[in-house]
Amino acid sequence: MKYLLLFLSILLFFNCDNDSNVDNEIENEEVVDVENDTPENIEVYNTDVISESHVFVVENGSDTAYMINKEGEELYTWNFDNNLGNDLELLPTGQVLGIFKPENTSFSFGGYGGIVQIININDSVEWEYTYNSENFLAHHDVELLPNGNLLIMAWERISQELAASSGVFVDHDLFPEKLIEVDYDTKEIVWEWRSWDHIIQNLNEGFDTYTEISEYPNKIDINYYDEPDGDIMHANGIEYDSNKDIIYLSVNYYSEVWVIDHSTTTEEASGFVGGTYNLGGDLIYRFGNPEAYDNSMGKQIFDRNHFPNLIEAGFPGEGNLMVFDNGRTAQQSTAYELEIPENFNLIANADNEPNVVWSFTDSNMFSERVSGAVRLLNGNTLICESDYGFWEITETGEIAWKYTKEGSFWRCYAFEINDPVLPIFGL
């Protein structure tokens, strides 16, 4: 359906925080559609700058997903037997890859899953893997690797007794992060990385983990964040860079993104030697919050963060990383494009933060949970604000499109209208 659109220009001033590292602190003209037959959920539609793309909408924890056009029409809907927990991706084959919630778990936190599935166009399940036990639970995100294997994020139970043996004294079990790579054909775990193998602490002497936090930026301060339920890191997103064979891991409670060497063996990943970067499973880079490793140099970028994703080849900003900063304290969110260093240098007591290439914020944009941002082919950026809907923003910070709908949105993925996957669904 095509709508005849009539636009009025209305001045809209954006109150940006001067200390927020935001590049686009400008006044924008918001173009509001007043045509009577325009869908109520389209708040801005600027034909001069809007991109020709559809939006794959992933509702947070829902049993459905759908594709919409910029007129707000739902073009195609996917329905599932289980609720999402949380990510869902539309693959080039027309299949969807998602992480889903099982009926029962031994423990759970926000964003829990447990079942990874690849679902065919006819709704049959092509592939399934369950990672749900007394001690492990898959959650939030899953990535299909170029070799066909699946990279899955999970919580791992660390008992109070085991924690105490490492100098961590708490009155509850801990659930730090781990990553597993599962072979598509055999469903065997062929690689894993455990955050617990790389912890340090500065509270209790007499343990191998005891040291000065600031002197070991490649290690993880296990006491940085304490949550009574034991979910002390709450990672929420993974991105794999095949060119460097590295993994970006968004760690919400640390307000950081950690960079992990995937070229290691599992044995090397448990230590601090080996792999392309010869650091084993220690962090080869981290950014977003220097305070997380007691570093007084460098300015904090994130205050809770979601969805690290590399800008695709051929898109403006190719190779840079998009990250959504929730901005919990200021109650104002920001979408960032960051230039990741070609050579990773994580140096104690030094400014290790990446360059901010582009950013956008608005006094009306705030989501304290989930959300994300992706780059579009025309240079615009599509932003998912979880409890609101979607923004499309130009390189200069002009609002090209705003879509709102009641509910909660995990992420949005953009598909150019000539994408070869769309005809599979008659689009």
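The values are calculated or read from the model by the stated rules, or taken from the named source; none is laboratory data. These numbers were taken from a predicted model, which means no experiment stands behind them. Every residue, glycine among them, receives a Cβ derived from its backbone with ideal geometry; neighbour counts consider all protein chains shown. Surface accessibility is based on the protein's heavy atoms, side chains included, excluding ligands, DNA and RNA. Shrake-Rupley method; radii C 1.70, N 1.55, O 1.52, S 1.80 Å.
Residue-by-condition table, conditions (1) closer than 22 Å to PRO308 by Cα; (2) open to solvent by less than 10 Å² (accessible area, probe 1.4 Å); (3) modelled with pLDDT under 95:
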{"residue": "VAL116", "(1), (2), (3)": "yes, yes, no"}
{"residue": "GLU126", "(1), (2), (3)": "no, no, no"}
{"residue": "ASN147", "(1), (2), (3)": "yes, no, no"}
{"residue": "LEU151", "(1), (2), (3)": "yes, yes, no"}
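Condition test on LEU97, is it open to solvent by less than 10 Å² (accessible area, probe 1.4 Å), in contact with an Asp or Glu (Cβ under 6 Å, 6 or more places away or on another chain) and not in a loop (DSSP other than H, G, I, E, B)?
yes
With respect to ASP23, determine if the residue is at pLDDT 95 or above and of a type in the set (Asp, Glu).
The answer is no for ASP23.
Applying the selection to segment 51-70, what residues are assigned to a loop (DSSP other than H, G, I, E, B) and either on the phi > 0 side of the Ramachandran plot or surrounded by fewer than 17 Cβ atoms within 10 Å (Cβ to Cβ) (or both)?
GLU52, GLY61, ASP63, ASN69
Could you give me the residue pairs with C-beta distances under 7 Å whose first residue belongs to segment 111-125 and is free of Cβ contacts under 8 Å to residues at least 60 places away in the same chain and farther than 16 Å from ILE238 by Cβ, whose second residue is basic (Lys, Arg) and surrounded by 13 or more Cβ atoms within 10 Å (Cβ to Cβ) wherever it lies, and which are 6+ apart or on separate chains?
What qualifies is GLY114/LYS101.
Within segment 82-91, is even one residue within 20 Å of ALA235 (Cβ to Cβ), among the polar types (S, T, N, Q) and part of a strand (DSSP E or B)?
Yes.
Which one is nearest to PHE425 (Cα to Cα) among residues in segment 63-87 that are without any contact (Cβ under 8 Å) to a residue 60 or more places away in the chain and of a type in the set (Gly, Ala, Ser)?
Only one residue fits best here, namely ALA65.
Residues being farther than 19 Å from GLY148 by Cα and out of contact with any strand residue (DSSP E or B) (no Cβ under 7 Å at 6 or more places or on another chain): count how many of those fall in segment 180-205.
Of the residues in that region, 3 qualify.
Filter segment 395-416 for residues that are within 21 Å of ASN309 (Cβ to Cβ), open to solvent by 10 Å² or more (accessible area, probe 1.4 Å) and part of a loop (DSSP other than H, G, I, E, B) and give the result.
Correct list: GLU395, SER408.
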